[in-house]
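**Student:** Handing you a structure now.
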Amino acid sequence: MSDTKFMQTKRGFLKTGLASVALTTPFVNRAWAQTVELTMLGWYGTAEPDMVGEFEEANNVKFVPKYYAGGDNMLAALAQNPPGTFDIIHTDAEYAKLLVANDLVLELDPNDYAFDDLLHDDFKSFAGHWDDSGKLYSLITRFGHLGVSYNKDVLTAEEAASYEVFWDERLTGKVGHFDWHLPTLGQMSLLMGNASPFDIGEDAWKAVQEKTLSLKPQVGGYFDFGGTFAGLKNGEMLAMVGIGDWVTGILERDGAPVSSVVPKEGGIQWTESYSIAKTSEKADLALKYLAYTMSPEGQVKTAQMLGYPGHCVTKAGRALLNEVDAAEAQRSGQVDGDPRDPITLINEGRISYRDIPVQQTLEDWNDFWSEYKNA
Amino acid sequence: MTLFLRTWLCLVAGFIFLPIFVSMLFSFNEARFPTLPLTGFTTGWYEAIFSDPDFWRSAKNSLIVSTTTAVIATFLGFCTAYTDYRYSFRGKSLFLAIILLPPTIPLIIIALAMLAWFSRVGMSGQVVSIIAAHTVLTAPFAMAIIRLRLSQIDESLEAAAWNLGASEWRAMREVILPFCKPAILSSLFLTAAVSFDEFTVSWFVSGLNKTLPVHVLEIVQGTIDPQVNAIGTLVFGVSITLVVISQALIFFRLQKAST
Amino acid sequence: MRRLNLYALTFRLPIIIWQTLFFIGPLIFVVAMSFFVVRNFQMVETFEFDSWKRMLSRDFVWDAYVYTVLMAGSAAILASLIAFPAAYCLAFQTSARTRQIAILLLIIPFFTSYLVRTFSWYTILAEAGVLNGAVGLVGLGPYTLLNTYVGTLIGYLTLVMPLVLILQTVTMANIDDRLIQAARNLGCSPARTIWTVILPAGKTGFVIAALFAFILSFGDFVAPFYLGGSNPPTLPILIIDTTKAGQQWPRAAVVAVIMMVTLFVIAFSAIMYAYRKRASR
């Protein structure tokens with residue numbers, strides 16, 4: 001009796017086993033087969049199936065990503081891999097100029113892209129994307145705003161409307177940092193009243209450092225991409241410095257009581273662009289992908305990206321997003337006339353574009369960041 | 001007293017095995033962010049990894065790296081063990097030190113050293129870089145296993161072979177190698193398992209050719225995702241199979257040798 | 001002495017070449033690299049003390065150094081103390097067969113990814129996690145364990161506990177039974193037997209176990225990062241920060257050299273101590 005039963009389970013087991021082998025074979029084949037590979041250095045999630053799957057299928061190509069977090073991290077990845085490793089470089093806009101300065105990326109033809117359709121005039125001539133002689137090297141694709149991200153069970157939106165809230169005693173030991181100097185120090189600089197938070201003199205820089213150090217007793221930890229998400233989600237961290245909807249947006253979709261606001265001192269804009277490595281042997285294909293990201297369909301994908309959401313940069317992209325995913329458009333304020341419309345925020349002068357430090361070096365800021373973490 | 005000690009032992013064992021158990025448990029749990037109570041049974045995370053081309057790519061790299069590493073490390077380990085067994089010469093302890101030292105140096109330092117060195121000699125970001133690094137890390141284990149086996153050999157055996165007119169090479173082939181076969185096999189499996197699990201050095205030197213543990217590290221860095229638990233459980237299955245085979249080979253042969 | 005022939009060289013040369021290329025070479029290069037400088041994102045091979053001066057003059061490097069040594073030291077001591085009763089139980093109060101099985105079981109953790117185990121602890125220790133959920137049922141907590149030094153220590157112990165337990169068990173199982181029997185016959189209490197017989201007889205094993213615990217914790221970046229929230233960072237995190245986020249390999253090399261020297265000194269003293277014969281009275 002039990003024998004036959006055993007045999008049956010065994011057979012059943014074998015069956016499922018065989019079935020799963022059969023099921024996974026196509027995937028294995030897809031992964032191991034010799035297809036054209038496009039390598040991309042990018043932020044986490046930018047080469048996941050939800051972003052590139054459609055393009056991969058249409059062009060019989062496979063993306064091979066190397067993920068990083070933070071521009072300094074990207075520069076290191078470029079320096080630590082042999083030239084020719086990457087075809088496409090997905091970069092924070094403020095680091096694009098370093099790519100150009102070091103002669104790492106291909107010149108692009110502006111006529112290939114719908115620059116007239118961009119949502120804001122600033123985007124058309126975004127700093128660092130063009131060199132002095134007016135040549136284009138980087139293509140703007142998405143953006144988002146950084147402010148105060150907080151747990152709604154503990155803080156109200158009004159309370160979160162100033163960076164000062166990070167010093168609130170309810171948050172002691174519960175303020176988290178995304179482990180990258182630019183966003184946090186930029187916000188501290190805004191809090192200190194610097195109109196251009198990244199272009200500050202020696203005294204102002206000193207003041208920013210002092211203010212930042214005074215936050216130390218509040219700090220619960222310094223997190224990478226995944227840790228930032230988990231910390232907020234689990235309630236380990238009740239507020240986060242230096243991030244915005246790109247983190248809380250995902251958690252909101254997941255039902256967590258978190259949100260982000262652009263506080264009264266102003267917010268910081270992150271802007272992401274694509275460039276093509278000069279050493280790429282598949283520049284044609286890479287160019288095709290760049291064009292795709294600017295197309296309305298590509299724009300919708302960047303707005304919905306599972307890794308972390310962003311805002312469309314083209315009018316056509318925004319229109320299509322409102323059509324196919326009105327909920328996401330509403331949630332993120334990407335609706336013409338919405339008071340939270342990120343474009344409106346820019347027009348109201350409440351947003352500073354994130355930049356690399358102008359009067360200090362990146363190294364100075366990075367150094368201070370190490371010091372702060374160890375303080 | 002005995003009761004206290006037993007309880008204590010169980011607590012320590014609990015501490016050691018709790019994370020393994022929890023990880024397996026949550027690999028079948030529905031919720032994306034793992035908390036109690038469990039939200040429901042799913043095999044979704046396994047389906048997710050099986051349908052992820054990235055997983056298969058890194059699995060393939062891991063397979064290449066661990067098998068190649070096992071062969072080279074076992075060869076190196078055998079050469080060292082045999083040299084140690086048969087010869088004594090000046091500088092022998094230095095000779096042994098250069099192969100036995102790596103496990104005492106923190107992986108993070110080895111990782112930095114390898115990264116810098118490989119970029120300097122133009123070998124960075126390739127699968128061979130990971131293999132080279134892993135052979136250095138695992139050769140000591142191979143050496144230890146094979147040396148242990150050699151210490152059981154009857155020293156007159158090899159000498160007898162020479163006296164019967166066999167060349168050193170022939171004696172090696174017909175006496176030493178067959179005698180060491182179980183240890184060599186065991187070492188192959190063990191070094192493969194160690195290499196299969198290593199992530200610090202791989203993370204630094206792998207470039208685009210990431211291995212499975214580096215893939216896990218990237219998932220942990222990128223999102224919080226129970227896929228990690230599922231991959232962990234799978235990798236555990238593979239590693240433990242390798243280790244069990246390796247142990248069984250030693251155990252079985254030792255038993256046979258002693259009878 | 002035997003003549004050095006082709007046969008002998010076949011077994012020696014590959015090792016020397018391979019280990020020089022892929023072990024000695026990289027290590028020496030790290031030391032050399034600590035004297036290089038970085039200009040315009042490019043490493044220039046010179047001999048300057050820039051990185052050394054800079055790193056040694058920074059308070060935060062020393063803070064991280066002290067913190068890392070203290071934490072790794074605590075992990076080594078804690079692991080030794082916690083493992084001891086368990087190892088004692090395995091060595092003296094179980095059959096050889098049970099012991100063998102126990103050791104086999106203890107090898108298992110070595111082959112589950114340490115990363116996955118850490119991730120698992122993250123789930124367990126989180127404020128909304130398994131542990132706080134459990135103690136919450138009896139009205140306790142929640143306790144903040146993640147992003148504190150407690151989290152880091154738990155991670156370190158996860159890494160080193162199986163090894164320490166195995167080494168201690170083997171050490172004690174190998175102590176000559178007659179010694180212990182004699183102590184007992186002379187009327188020693190168990191505590192006194194441990195103190196006067198077991199500890200001295202197993203000194204080498206205990207010290208080596210603690211030393212390995214120290215080395216492993218000292219070089220681990222996963223626990224202090226994922227369970228300790230990098231708050232504050234340890235030396236390995238400093239190395240990762242300077243290589244992965246900065247471009248400052250020479251400075252990372254300085255940290256690496258400092259770590260190696262520290263380990264060398266500690267390992268050397270520990271081994272000297274472990275093998276020192278007890279002074280005869």
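The values are calculated or read from the model by the stated rules, or taken from the named source; none is laboratory data. Small disclaimer: the values here were computed from a predicted structure and weren't measured. Reconstructed Cβ throughout: ideal geometry from the backbone, glycine too, with neighbour counts over all protein chains shown.
**Student:** Within segment C:35-69, work out how many residues are under 18 Å from C:Met260 (Cα atoms), within 10 Å of chain A (Cβ to nearest Cβ) and free of Cβ contacts under 8 Å to residues at least 12 places away in the same chain.
**Tutor:** 1
**Student:** Next question, about the same structure. Quick check on my filter: what residues within segment A:340-349 are surrounded by fewer than 18 Cβ atoms within 10 Å (Cβ to Cβ) and closer than 27 Å to A:Gly201 by Cβ? Please lay out each step first, then the result.
**Tutor:** Step one: of segment A:340-349, the residues surrounded by fewer than 18 Cβ atoms within 10 Å (Cβ to Cβ) are A:340, A:344, A:347-349.
Hits for segment A:340-349 are A:Glu348, A:Gly349.
**Student:** Next up: Is there a residue being within 13 Å of chain C (Cβ to nearest Cβ), in contact with a Leu (Cβ under 9 Å, 6 or more places away or on another chain) and hydrophobic (A, V, I, L, M, F, W, C) anywhere in segment B:147-166?
**Tutor:** No; the residues of segment B:147-166 include none that is within 13 Å of chain C (Cβ to nearest Cβ), in contact with a Leu (Cβ under 9 Å, 6 or more places away or on another chain) and hydrophobic (A, V, I, L, M, F, W, C).
Residues are listed down the side, and each one gets a yes or a no for (1) crowded, with 23+ Cβ neighbours inside 10 Å; (2) within 20 Å of the chain's Cα centre (by Cα); (3) among the small types (Gly, Ala, Ser):
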| position | (1), (2), (3) |
| --- | --- |
| C:Val197 | no, no, no |
| C:Ala209 | yes, yes, yes |
| C:Thr242 | yes, no, no |
| C:Ala245 | yes, no, yes |
| C:Ile271 | no, yes, no |
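**Student:** Still on this structure: Please work out which residue is nearest to B:Ile231 (Cα to Cα), limiting yourself to segment C:128-151 and to residues that are facing chain B (nearest Cβ under 10 Å) and surrounded by fewer than 19 Cβ atoms within 10 Å (Cβ to Cβ).
**Tutor:** That would be C:Ala128.
**Student:** Among the residues of segment B:16-43, write down those that are crowded, with 16+ Cβ neighbours inside 10 Å, out of contact with any Gly (no Cβ under 7 Å at 6 or more places or on another chain) and in a helix (DSSP H, G or I).
**Tutor:** B:Ile16, B:Phe17, B:Leu18, B:Pro19, B:Ile20, B:Val22, B:Met24, B:Leu25, B:Phe26
**Student:** Suppose we filter segment C:84-116 for residues that are touching a residue at least 24 places away in the same chain (Cβ under 8 Å) and more than 25 Å from B:Arg6 (Cβ to Cβ); how many remain?
**Tutor:** 2
**Student:** Looking at (1) surrounded by 15 or more Cβ atoms within 10 Å (Cβ to Cβ); (2) farther than 28 Å from C:Tyr156 by Cβ; (3) facing another protein chain (nearest Cβ under 9 Å), find the lone condition where B:Thr2 falls short.
**Tutor:** Here B:Thr2 clears every test but (1).
**Student:** Residues in segment B:183-193: is at least one at the interface with chain C (Cβ under 10 Å from one of its Cβ atoms), in contact (Cβ under 8 Å) with a residue 24 or more places away in the chain and within 26 Å of B:Val127 (Cβ to Cβ)?
**Tutor:** There is at least one residue in segment B:183-193 that is at the interface with chain C (Cβ under 10 Å from one of its Cβ atoms), in contact (Cβ under 8 Å) with a residue 24 or more places away in the chain and within 26 Å of B:Val127 (Cβ to Cβ).
**Student:** Something else now. Starting from segment C:144-157, take each residue that is without any contact (Cβ under 8 Å) to a residue 12 or more places away in the chain and list its partners that are surrounded by fewer than 24 Cβ atoms within 10 Å (Cβ to Cβ), counting only C-beta distances under 7 angstrom and pairs at least six apart or across chains.
**Tutor:** Hits for this filter: zero, empty list.
**Student:** With respect to A:Lys135, is the statement that it is within 14 Å of chain C (Cβ to nearest Cβ) and among the basic types (Lys, Arg) true?
**Tutor:** no
**Student:** Right, something else. For segment C:112-127, check the following and say yes or no: at least one residue is more than 10 Å from every other protein chain (Cβ to nearest Cβ), more than 22 Å from B:Ser246 (Cβ to Cβ), acidic (Asp, Glu) and more than 15 Å from the chain's Cα centre (by Cα).
**Tutor:** No.
**Student:** Another question, if that's okay. When residues of segment C:80-89 are filtered for being more than 10 Å from chain B (Cβ to nearest Cβ) and either within 20 Å of C:Val222 (Cβ to Cβ) or more than 12 Å from the chain's Cα centre (by Cα) (or both), how many remain?
**Tutor:** Here the count works out to 1.
**Student:** Report yes if C:Val197 is within 25 Å of A:Val219 (Cβ to Cβ) and free of Cβ contacts under 8 Å to residues at least 60 places away in the same chain, otherwise no.
**Tutor:** no
**Student:** Which one of the conditions (1) over 30 Å from B:Thr74 (Cα atoms); (2) surrounded by 13 or more Cβ atoms within 10 Å (Cβ to Cβ) does C:Ile15 fail to meet, given that it meets all the rest?
**Tutor:** (1)
Table: residues versus (1) charged (D, E, K, R); (2) crowded, with 19+ Cβ neighbours inside 10 Å; (3) modelled with pLDDT under 90; (4) part of a strand (DSSP E or B).
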{"position": "A:Leu78", "(1), (2), (3), (4)": "no, yes, yes, no"}
{"position": "A:Phe86", "(1), (2), (3), (4)": "no, yes, no, no"}
{"position": "A:Ile89", "(1), (2), (3), (4)": "no, yes, no, yes"}
{"position": "A:Asp103", "(1), (2), (3), (4)": "yes, no, yes, no"}
{"position": "A:Gly128", "(1), (2), (3), (4)": "no, yes, yes, no"}
{"position": "A:Ile140", "(1), (2), (3), (4)": "no, yes, no, yes"}
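**Student:** Still on this structure, please answer the following. Determine whether A:Phe115 is within 21 Å of the chain's Cα centre (by Cα) and surrounded by 16 or more Cβ atoms within 10 Å (Cβ to Cβ).
**Tutor:** no
**Student:** Give segment A:67-93 a look and list any residue that's in contact with a helix residue (DSSP H, G or I) (Cβ under 7 Å, 6 or more places away or on another chain) and under 15 Å from A:Ser275 (Cβ atoms), or say none.
**Tutor:** Let us first name the residues in segment A:67-93 that are in contact with a helix residue (DSSP H, G or I) (Cβ under 7 Å, 6 or more places away or on another chain), namely A:67-76, A:80, A:87-89, A:91-92.
Scanning segment A:67-93 gives A:Tyr68, A:Gly71, A:Met74, A:Leu75, A:Asp87, A:Ile88, A:Ile89, A:Thr91, A:Asp92.
**Student:** Here is a further query. Inside segment C:238-247, can you point out the residues that are free of Cβ contacts under 8 Å to residues at least 60 places away in the same chain, more than 9 Å from chain B (Cβ to nearest Cβ) and hydrophobic (A, V, I, L, M, F, W, C)?
**Tutor:** Selection gives C:Ala245 alone.
**Student:** Now for a different question. So which residues in segment A:185-210 are of a type in the set (A, V, I, L, M, F, W, C), assigned to a helix (DSSP H, G or I) and under 27 Å from A:Tyr308 (Cβ atoms), if there are any at all?
**Tutor:** Answer for segment A:185-210, where residues must be of a type in the set (A, V, I, L, M, F, W, C), assigned to a helix (DSSP H, G or I) and under 27 Å from A:Tyr308 (Cβ atoms): A:Leu185, A:Met188, A:Leu190, A:Leu191, A:Val208.
**Student:** Sticking with this structure for a sec: Starting from residues that are outside any helix (DSSP H, G or I) and touching a Pro at 6+ places or on another chain (Cβ under 7 Å), keep the ones in segment C:188-232 and report whichever is nearest to the other protein chains (Cβ to nearest Cβ).
**Tutor:** Step one: filter segment C:188-232 for residues outside any helix (DSSP H, G or I), giving C:188-189, C:202, C:219-221, C:228-232.
Still in the list and also touching a Pro at 6+ places or on another chain (Cβ under 7 Å): C:219-221, C:230.
On the way: C:Gly219: 2, C:Asp220: 8, C:Phe221: 6, C:Ser230: 4 Å.
Among those residues, the one meeting the criterion is C:Gly219.
**Student:** Tally the residues that are in a loop (DSSP other than H, G, I, E, B), surrounded by 21 or more Cβ atoms within 10 Å (Cβ to Cβ) and free of Cβ contacts under 8 Å to residues at least 40 places away in the same chain, restricting the search to segment A:211-263.
**Tutor:** So the count comes out to 0.
**Student:** Can I ask one more? Test A:Leu182 against the criterion of being within 13 Å of A:Ile243 (Cα to Cα), touching a residue at least 12 places away in the same chain (Cβ under 8 Å) and assigned to a helix (DSSP H, G or I), and give yes or no.
**Tutor:** yes
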